[in-house]
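The values are calculated or read from the model by the stated rules, or taken from the named source; none is laboratory data. Everything numeric in this text was worked out from a predicted model, so none of it was measured. Cβ placement follows ideal geometry from the backbone for every residue including glycine, while neighbour counts extend to all protein chains displayed. Side chains included, ligands, DNA and RNA excluded: accessible areas come from the protein's heavy atoms. Shrake-Rupley method; radii C 1.70, N 1.55, O 1.52, S 1.80 Å.
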Amino acid sequence: MSAIHPSNATSIADIPTDTHRAYAKVFWRIVPFLMLCYVVAYLDRVNVGFAKLQMSQDLAFSETVYGLGAGIFFLGYFLFEVPSNILMHRIGARIWIARIMITWGLVSAAFVFVKTPAMFYFMRFLLGLAEAGFYPGIILYLTYWYPAHRRARIIAVFMSAIPVAGIFGNPLSGWIMDAFHGSSGMQGWQWMFILEAIPALLIGVLVLLYLKTGIRDAHWLTEPEKRLLEAEIRADHRGTQSDHSLGAVFKSGRVWLMCLIYFAFVMGQYGLTFWMPTLIKATGVKGNLNIGLLSAIPFVCAVIAMNLFGRSADARRERRWHLVIPAMLGAAGFVVAASFVDNTVVAVAALSLAAAGVLTCAPLFWSLPTSFLSGAAAAVGIAMINSVGNLAGFVSPYLVGTLKDLTHSAQSGMYVLAAMLVLGSVAVLRTPARLVNR
């Protein structure tokens, strides 16, 4: 399918400077703020990986117990994902995103009371319920502002929040756990959950005051800018699937192929983020702060790779190979990291390659389904793909933890993650280029 551009309209084609100015306004008004929201979300989702360094010993949790608890978050996430995104489409992004952030902040702080595996499982499940709909809701929200040919770069910038959360969050988590350990009779991991929940509550309130539902409600845009942006969105929706019924989306072979691809990539993503502190510690690194600082390095590499690939994908309007190449790089990184578990330098370098690969896949992936879904179909389809794909967030840490208990090594788990990335790459190449290269 050839790309459809609103610039075919003479009135818009004659004002490229105005178009640039309008999109610059949109970018600076919403994207940095959404990134901040996602930094907080991702930190509260994966800080259990750092908590494990103390929690597992304090509470006598096995690797399997930790892996199951880390992953069970995604069962709650799966169950409420589609309903949450449908409600957001009806209620509006501002109110619903605020509700999500405030709820998960309260649940995250309540982890201080965890004492048993059953409580750990229950609280992770509740956290998944609370956060369900946030990420696909943001992706849906961005489609209200940006057409397909601008979306890969913007989603890549937004999802830079994941490595940013690692760059700042990992050293912060390590520092909190070391500095506050034993204060007021609480362990360092308990303090970490309390202190890192506070930003979610504060920013959740700020969402209500700051975000606008869409282009028409943006008082900071002039009327000509609103008409220009709305024309781009209308032109972008021509030829996309707008059937809003859940049944139509559920029966779509293309949507299920997207679920498979995303599942494979999420396996790698959460295998990396949940287990990286443990892998680095296993190389002989001492001290939670030192582990945090070293685990920030792979995320720095990921920020660079995500944005370079995102810009290239939009500039060339090519989507498939811009996904396959980083996925294969990620697979190679896992294999090398598994083969040099006793060498800190090689392991961190390999994990940097893995992080650059798997984290680059996430934003670039969403340029595939959003190229053929729009309107209410996008609300349902994006939520469905994200919920099914994120079941890998349950499978990945549980599988790696179980294999680690059985083999007393992380190698087999890393090899499985690499194989999943290869499978995802093959599935990407099954997607018609004419459909997604827009």
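Quick check: residue separation of R216 and H181 times 0.36 nm, minus the Cα distance between them. What number comes out in nm?
Going from the current span to full extension adds 7.6 nm.
Working from Cα positions, state the angle (0 to 90°, nearest 10) between the long axis of helix 161-179 and the longest principal axis of the chain.
Once rounded, one gets 30 degrees.
Give, as a single signed number, the net charge of other residues whose beta carbon lies under 10 Å from the beta carbon of F274, with Lys and Arg counted +1 and Asp and Glu -1.
Charge balance near F274 sits at +2.
Sort the following peptides by mean Cβ neighbour count (other Cβ atoms within 10 Å, averaged over residues), highest first: 27-36, 70-79, 357-366.
357-366, 70-79, 27-36
Taking a point 7 angstrom from the Cα of S412 along the C-beta vector, which residues in the range 324-338 have backbone N less than 16 Å away?
338
Just tell me which lysines come within less than 24 Å, Cα to Cα, of K404; anything on the same chain fewer than 8 places away is out.
Candidates past the 8-residue exclusion: K52, K115, K281, K286.
Net charge near H322: determine it from the other residues with C-beta under 12 Å of the C-beta of H322, scoring Lys and Arg +1 and Asp and Glu -1.
+4
Where does the charge balance sit around S312 when Lys and Arg score +1, Asp and Glu -1, over other residues with C-beta under 11 Å from its C-beta?
After counting each charged neighbour, the total is +3.
If you stretched the chain out fully between S62 and W28, how much longer would it get, using 0.36 nm times the residue separation minus the C-alpha to C-alpha distance?
Additional length available on full extension: 7.7 nm.
Hey, with R₀ at 56 Å, roughly what FRET efficiency would V112 and R434 work out to, going by the Cβ-Cβ distance, to 0.05?
0.60
Would you work out the charge dipole size for the chain about its Cα centre, treating the Cβ of every Lys and Arg as +1 and the Cβ of every Asp and Glu as -1, and quote it to the nearest 20 debye?
Roughly 880 debye, rounded to the nearest 20.
Summarise the accessible area of the range 64-203 (1.4 Å probe, protein heavy atoms) by the percent that is carbon and sulfur.
Carbon with sulfur: 75 percent of the solvent-accessible area.
Quick check: the distance between the Cα centres of the range 275-310 and the range 52-108, to the nearest angstrom?
For the range 275-310 versus the range 52-108, the Cα centre distance is 23 Å.
What's the carbon and sulfur percent of the range 285-372's accessible surface, probe 1.4 angstrom, rounded to a whole number?
Solvent-exposed carbon and sulfur of the range 285-372 make up 72 percent of the total.
Can you compute the FRET efficiency between W321 and V300 using 1/(1 + (r/R0)^6), with r the Cβ-Cβ distance and R0 = 35 Å? Round to the nearest 0.05.
0.90
If a/c stays under 1.5 just call it rounded; otherwise compare a/b with b/c (prolate if a/b is bigger, oblate if not). Do that for the range 362-433, with a ≥ b ≥ c from the square roots of the Cα gyration tensor eigenvalues.
Oblate, because a/c is 1.5 or more while a/b does not exceed b/c.
Report the full-extension gain for the segment R311 to A419: residue separation times 0.36 nm, less the Cα-Cα distance, to one decimal in nm.
36.2 nm
Taking the Cα centroid of the range 333-354 and of the range 125-194, what is the distance between the two, rounded to the nearest whole Å?
If you average the Cα positions of each part, the centres end up 24 Å apart.
What does the C-alpha gyration tensor say about the overall shape of the range 243-316? Classify as rounded when a/c is under 1.5, otherwise prolate if a/b is larger than b/c, or oblate.
The shape class here is oblate.
Okay, helix-only estimate at 222 nm for the chain: each DSSP H run of n ≥ 4 adds -39500 (n - 2.57), divide by all residues, round to 500 deg cm²/dmol; what do you get?
-26500 deg cm²/dmol
Rounded, prolate or oblate, given the Cα gyration tensor of the chain, with a/c below 1.5 counting as rounded?
Judged from the Cα gyration tensor, the chain comes out prolate (a/c at least 1.5, a/b above b/c).
Along the charge dipole of the chain, pointing to its positive end and built from +1/-1 on Cβ of Lys, Arg, Asp and Glu, which listed residue (W321, P136, A362) has its Cα farthest out?
W321
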